Structures are given as C-alpha cells and as structure tokens.
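Read through the structure below, which is laid out as structure tokens, and then see the notes.
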Amino acid sequence: MPRADVPRRAGRLLRATFAAACALVGGVPAAHADDPAASADLVLRLGTLHVGDGDVVNDALVVIDDGRVVAVQAGGTVPEGVRVRTFARAVACPGFVDAVTQYGLDDGAAERPDTLTPDVRAADAFDVRAPELRAALDAGTTTLGLVPAPWNVACGRAATAGLRTDGSAEVLERVGVPVFAFRAPALRRDRVPATAAGARLVLEAAFEGRAWTTSGEGAAPLRAEALAELAQLRSGAVLVHVDRAEEARVAVETLRARGLAPTLVGLRQIAGPDEARAVAALGVPCVVTELGPEDSLATLAVPAELRAAGATVALASGAPAQSPRTLRLALALAVANGLPAADAVPAVTSHAAAALGASKGLGRVAVGARADLLVFDGAPWEPASRLLLTVTGGHVAFDAARKDAQ
Amino acid sequence: MHDAAGAGRYAPGPVMRRPGLALALALAAFPAVARAEGDAPSPAGADGAVVALVGGEVRPVSGPVLPRGTVLLRGGRIAAVGADVAVPEGARVIDCAGAVVTPGLIDADCALGLTPWDAGAGVPGADARAIDAFDGWDERLGTALREGVTALVLGANREQVLGGVACVVPTGPPGAAPLASDAAVVLNVSTRGAGGGAPGAFRTATIRGALQAALDRRIEVERWRRDLAEYEDERLAVEPTLEERLLLSPELLARMRLWTPAERAAWREATYKSMGREKAYTKPKNPATPPRAPGDDPNLDALRDALGDGATPAARRTLLRAELEGDVDAALRIAADFALTPVVAGGEGLRRRTAELARAHARVVLTHLGDTSASTTSAVARRSPGLAAALAAARLRPALGTGGVGAARWLRLFAAREIAEGLPRDAALAAVTLWAAESAGVEAQMGSLDAGKRGDVVVWSGDPFGATSRALHVFVEGAEVDVAAR
C-alpha cells in the first residue's frame, strides 16, 4: 500500500466506523448516504458466523467499510434506511485462505537448479491475472499463500495475495515468510545424503556462512546473495516442507536451533496415530497439503490424527497440479475422515493465515481485518452447502441472489 | 449371451433343429451360462433370511420420500417398501429412526478394480473387455462399499478410440459375479480431457471406419456361419444321427461306419420307410471342403460381437466419451448413423448440447468428477460449475461418474458438490443411483428401492451427502457388510 494512501484510509475508516455506530444506535447520517463510496459499504446480518478462530456468533451483525470489517456484534438492531443484507438461516465464515499454492507462479521461476535459493521471491513470479485465480475465487478462496515449490532446501520467500472481485489478485505481502524443504527431492542434485539429515547439513553450514563439503570433494558454489539472505535470518516464522515424521523432527530441530519458528507443510506420509503424536509433540503448527479423493485412507486421516494429538491443523491445496476447487473438497474429505467439525473452519481460515505469518488481518471476521467473508446455506465444511455470497476485500464477488435473478 | 454359451462352436442353427441334441447342448451349456451371468457365489442374504429396516427416512428414488418407512429385504432382494409394511415374524429388525435409507450408490463411470493395462502387452482396443480386467478381490472395493457404493460401471479403456466393452460389477462380496458383463460398447470420441490423443476428426473417422468394418464383418461372418452350417448339415447326414445313435446297437453303429455313403443312404431309406416316416432325407451335395473362415481380427470381432446381431438391442448400448461440444456432435452423428443407443459421457460439451442430446434420447454421464487436475490442457479443469444442475434441468437424467479409482468411494461427496452448485437433492440421489443404473441398462435390477430389485441398500447416519454422515448399515443382495472393518 502506498504511504500517501494511509491518512485518507484512516480517515475513511474512522468516518465509516462512526457511520456504522450511528446506524446501529439510530439515524442515518446524511453525509454517509451521499457519499458515492457508500455503495461499497455492506451491512450483513448472519444467522451463524464462524469467526474463524473457532468461535461462533449467532445472529451476527457485520459492518464492512473500505475493504475492512469495522464492526462485528451479536444481535443489535439496525434502523430503517440502512440497507442490510440478511441471511437469517445461513452460516458464514471468513473467506478461505489457501495457505500453500503455486497458482500463477511460473514453473521455471519456482524451480532453480541450486539447493539454496532463499532469495527467490514468489511474488516476483506471480501472475496476478492467472486464469486459475478466478476458479479459486469461485470456490470460496479469497486469500492465497504463494509458496515456492519444495525442490530446494531453502526455497525462497512466500507471498500473500488477496483475490479481487474480477478474479485477479493483489499482492498483500510481497516478501513473506521464508520457506525451506526437508524432503528428499530437495536434495536430489547434491553430493549429500538425500534425506532430512542432508538438508540439515546443508542448511547449518549455510547459516554459518559456508558451503558444506563432502570428503575429498570440492565445495559446491554458493551464491553470495543466497548466503546474505540466510545470514540475516535469525528469528521469525518460517514454513518447511516435509513429508514424513522423521523429516519433521529434523527440520524443527534445525530451524529452532537458529531461532526460527517453523510451521510444517505437507505431512502426507505420516503413518498412523503414533507418528502423528510424535509430530504433534514438536509443538509446531501443521499444514496438510494436497488431500484428494485418490489418497489412501491413511493419508486422508492425517489431519484428524494430528488434531487428535493436539496439533493445530490447516489444510491447503498445495500444488500447482491441483485444481483450485480442491481446497473445499480436501476440507470435506478431512471431515469425512475424522477431523472434528469444530476444527474445520479454522483449518482453512485462521490457522492457514497464521502459517503465512498473517494472523492479524486475515482468516478472521474481526474488527480491522480484511473483509473476506463467505455465506453458505449450510455448514462451510459440508460439500453440499451452497455459496450464497462471497465478499473479498470488502466487495461482493459473488451473489447467488443476483445470479438467480438473471 | 451367445459368446458365453455357444462361443466359438459353429453352426448353432441346424444343430438346434435336432431336438435331442439341442437338449444335450443346452444342458452342457447351462453351467457356463450360470457362471457367466448367474448369482454365484451365493450371497449370504439369499438364504431366505428377512431383514426389516424400520422407522428411517426412506428415499426410494423411484417414488416420494417416506418420512418413516420400512424396507423389507428377503432372499437377497427388496421384498417391500412402504409406510405400513408388516414385518414378518422372525425377521431381523433394524431400528433406523433418525437415519436415512437409500439404494446403494452406483458410480456411473470409474476404474476401481480394473487391473491397469500392461503397456508391454500391446495396445488394447475393442477386444478390451472391462470384465476381463476386473479384479473382484481388489481391497479398495471394500472401502467403496463401506462408503455406500454398491456397484460400479467400469468403462474399459479410455486411451484408444475403440474402448472395449464396459461392465457393471458389485463392490462386494469379494469375487462376486458381475451384474452385467456387456453393459455397453465404449467409443472414445474424445480421449480423456482435451489434451492428448489424435485430433477429433481423425478419431471420428477411425470410429466410423471400425464400426463399418465390424458390421461388414458381421455380414461376412454370418455368411460363413451359414455356409459352414450347410456343410455340417450335409456332413452329418452321412454320419449317424443322434436318433440313430440312440436307436441302434453299438455293434450296428460300428459296422455302419464302414459302409459307403451310398450303402448307408440305402439302409436309412429302408429303415425310415419301415418306421412309417415321411423321409426328410435329401441327398447330400457333398461339398469337398469346409468353407474358409474369415481371417483373424480380434479387434473387429470383438467390436462385432459387442454390437450384437440386432436381436439384443441392449448390446448396442454404446458409451461415447465426448468432452467438448464438437465431440458430442460427432458422438450423436455416429450413434444415429449406426443405430446405436447412445450414452454420452463427458462434461462441458454436454451442457452446450442439451437439446441435441434430448432429441437423440441419449443418456448422459457427467464423468471425471474425481479429477482434481488443474492442468490447463485438461478439459476437466476448464469445466464451469453447475454442470449436473444444467443437465438435470434439461431433463437429461445425468448419471455421475468419478472416473477415478480411490475417488469412487467418495461418490457421495462429488454428488454433494453438485448440490452446492445447484443440483436439487433428489436429483443428486437419482444421479448416483437410478440414473446411473439406467445409463448402464441395469435399472431393472437396481438403482431404486422397489420390490424385486437387488437388496443393495444403505442406512446413513444422516444426510447421505453430508461429510459428517456415515454409512451405518450397508446391504449387498440383502446381506449386511461389516462397515466397521477398515
């Protein structure tokens, strides 16, 4: 956001809050009705609102202005004259956050031949008009985590993008959390063991500013940019791609030793409740990716097992090869395989946003948050629930009532 | 049927004219028939045990929903469905209060249980019968069954223009007999999605050529069969007939074999006269050699056999895979030109050709629902939402197929997704039961809760399309499956 915009926005926000507050108490300020921007404002009354973090508000009133949520409250009356969209028997939740995707990312840019590419910026490769983005929005996704592909030990920096009503995207955070991979394929080009231990070897050396060496062999060249990027990385949240429990353990140990706070991404090969408990015991958040209908029952049970073991679990579509519609299907599959319904909404909203280090403004319907909201005629995790309204960035992207009228 | 009973044994016509031999042949063929199409191995529910599902919300599909209905299963079949069905004494009564009772679900197009074609063994074509590649012991069948999917339509191969013959199989018990081994001839007008395969026009020409060649070959083969029958008839005329075998002593028979044809004819004439019979015997034309058989072409023969001989119209049911609207046009023209009963399986193209499909009385299958691919070359990824709803609104009675292997077990979730996109709930249930059965021509056996149909019934903990619902009881041919086993 350009800096010059901030005072104007702050002013608008205050004015809108005031307008909304007035509206709730009684009386509509004339200036509010005259303001041409008022057409972008939205007041919703929702039968049930899943706030995103697990809390549920019944008969919720949500006021949206200038792309932000300015008021959320249970009950309350609205005076005549304020146009309220009422969804009395509907269930609303924050717009879905697909935390791990490569939509719009050019394949070539996401995959580099060297093992350490911490200076890759997912945002640089992102096409804000990629055709899949429209499909993602249709499926209820309003925020995307753009995460570099897991083919390098240090993959680069993730980015966060918000979807616009026209199906394009705006980059919300250009240089997001650093991304690592402790999966075997990330090491395929190097003379180190192609295991998580190999990834540790490579990364620990790099953190100390040197290339790893193997007996007798010369060190692989290491770019100065890569070293500089890793050298300054001493704290903060990071994502790390892992498949197995052992990879998760090594990754968490390695990154924690550096002062970093990892979130595990992938986790498709956790074999049974015992391994799930071992992963949960690491005490880090988990994002399970790429759940699909062809997965084995063991894989489909991973979110439920991790949750049962006490981990926070998010879901993400995870790969460029997966259709944007997959996130909702993955949610249904996770619930059908034991993920408690109470954990379903956080898994695709607040927990997913937290993985991107963006927990404050995204993945929740809360005052000050980006106004991303979905209204369904049933529970959001039920695949049969029909989407009635999609609000992204404060604007209506889809309205079933308008569509039905056509 | 003839491929099971009389397969490869030429000259059924003239032989059948002899009543004794016809009986013997029928007896010899009977076990083969029973094995091919029958109910072996015997289901546990066929022993006369009666199960009464009482008090649940019954959704028969063929009729209105019964808020508190009873479904009676007896002898592997549905015996009665209604609000006031008397439960016979000794019946096993299952209280279904709060539960939902539906027919078993049918995936209208999938690959679960099909052994992958061995690429090294050559490219399969029309001779690829899905039933031959079906492994009834595949353990994933059981996981589908426990999710309420009781039958599958297996569409043979999707890669070649001639896709072989589709079949309908139950998902259990392991090794159960197929429900229909010749459900439909498969023609892949478009190969999977829009990517890969030969260009559309080439595929269409190939299909037309193959169909024409198969029909020509049918004429050729019929002619050969008739010539061979005549030859056999005449040859048999100088051999002891069955009647003679039964009437004459072994010694006389043995001696008779040494007679010249003229001597034998003279003896016969005398015998028949003495028996007071009108002599039907004519002098043989005595052809020197049997007529030459047409050359070997398994692909064409398979297609010819699959197309049937006109006396069995169901055999001409043809599953035409057509994803884009151009493919649908081509599929309907092929069906019209060759008098096939079209079942068009596809996606986006169906939506744009609803009027044409309705005019052609085509069945439609919305397939590849389990595909999560985002590949830009895949037509599946480019489908827009609400396809099934649009097809149902056009009264096309769409069936739903996952197109997958593991995906088949989540059929209900894919149907649920269509509900979210506008398909009415009752239509969604029909699309994975009755309409699916109709697409494969097995609606007389299954697809709805009607007396006389197979006892394939599912009792759900709630809405069958709910992610949190599960199958509490699953019955296959009236026998309960252990749903707890994983």
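The values are calculated or read from the model by the stated rules, or taken from the named source; none is laboratory data. Everything numeric in this text was worked out from a predicted model, so none of it was measured. All Cβ positions, even for glycine, are placed from backbone atoms using ideal geometry, and neighbour counts span all protein chains on display.
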Failed item in (1) over 15 Å from the mean Cα position of the chain (by Cα); (2) more than 20 Å from A:V252 (Cβ to Cβ), with A:T195 passing the rest: (2)
Can you tell which of A:V313, A:V391, A:V345 is touching a Cys at 6+ places or on another chain (Cβ under 7 Å), modelled with pLDDT of 95 or more, away from every other protein chain (no Cβ under 14 Å) and crowded, with 20+ Cβ neighbours inside 10 Å? A:V313
Of everything in the range A:290-310, what is assigned to a loop (DSSP other than H, G, I, E, B) and within 9 Å of chain B (Cβ to nearest Cβ)? Give them in sequence order. A:E290, A:G292, A:P293, A:E294, A:D295, A:S296
Of B:G295, B:G308, which residue is at pLDDT below 90, surrounded by fewer than 24 Cβ atoms within 10 Å (Cβ to Cβ) and either over 20 Å from the mean Cα position of the chain (by Cα) or among the acidic types (D, E) (or both)? B:G295
Among the numbered criteria (1) under 17 Å from B:V153 (Cβ atoms); (2) surrounded by fewer than 19 Cβ atoms within 10 Å (Cβ to Cβ), which single criterion is violated by B:G401? (2)
Looking at the range B:157-165, is at least one residue assigned to a loop (DSSP other than H, G, I, E, B), of a type outside the set (K, R), under 16 Å from B:L303 (Cα atoms) and within 17 Å of the chain's Cα centre (by Cα)? yes
Got a sec? Which strands (runs of 3 or more DSSP E) wholly within the range A:67-168 have at least 2 residues that are within 14 Å of chain B (Cβ to nearest Cβ) and surrounded by 20 or more Cβ atoms within 10 Å (Cβ to Cβ)? A:84-94, A:96-101, A:141-146
Of all residues in the range A:298-335, count the ones that are without any contact (Cβ under 8 Å) to a residue 40 or more places away in the chain and on the phi > 0 side of the Ramachandran plot. 1
Mind checking which residues of the range B:456-486 are assigned to a strand (DSSP E or B) and within 14 Å of chain A (Cβ to nearest Cβ)? B:W460, B:A471
Taking helices (runs of 4 or more DSSP H) that do not extend beyond the range B:402-455, which have at least 1 residues that are within 18 Å of the chain's Cα centre (by Cα) and more than 14 Å from chain A (Cβ to nearest Cβ)? B:434-439
Any idea which of (1) surrounded by fewer than 24 Cβ atoms within 10 Å (Cβ to Cβ); (2) within 12 Å of chain B (Cβ to nearest Cβ); (3) modelled with pLDDT of 90 or more is the one A:P320 doesn't satisfy? (3)
Restricted to the range B:348-361, and to residues that are at pLDDT below 95 and touching a Pro at 6+ places or on another chain (Cβ under 9 Å), which residue is farthest from B:A416 (Cα to Cα)? B:A360
Please go through the range A:335-385 and pick out each residue that is farther than 17 Å from A:V51 by Cβ and of a type in the set (S, T, Y). A:S385
In this structure, does A:A379 turn out to be small (G, A, S), outside any loop (DSSP other than H, G, I, E, B) and either more than 14 Å from every other protein chain (Cβ to nearest Cβ) or surrounded by fewer than 24 Cβ atoms within 10 Å (Cβ to Cβ) (or both)? no
Quick one: in the range A:323-334, which of the residues that are touching a Ser or Thr at 6+ places or on another chain (Cβ under 6 Å) and not in a loop (DSSP other than H, G, I, E, B) is nearest to the other protein chains (Cβ to nearest Cβ)? A:T326
Residues A:G368, A:G357, A:G361: which one is away from chain B (no Cβ under 12 Å), touching a Gly at 6+ places or on another chain (Cβ under 9 Å), assigned to a loop (DSSP other than H, G, I, E, B) and farther than 19 Å from A:D98 by Cα? A:G368
Please give the number of the condition A:H351 fails out of (1) within 14 Å of another protein chain (Cβ to nearest Cβ); (2) buried (at least 24 other Cβ atoms within 10 Å of the Cβ). (1)
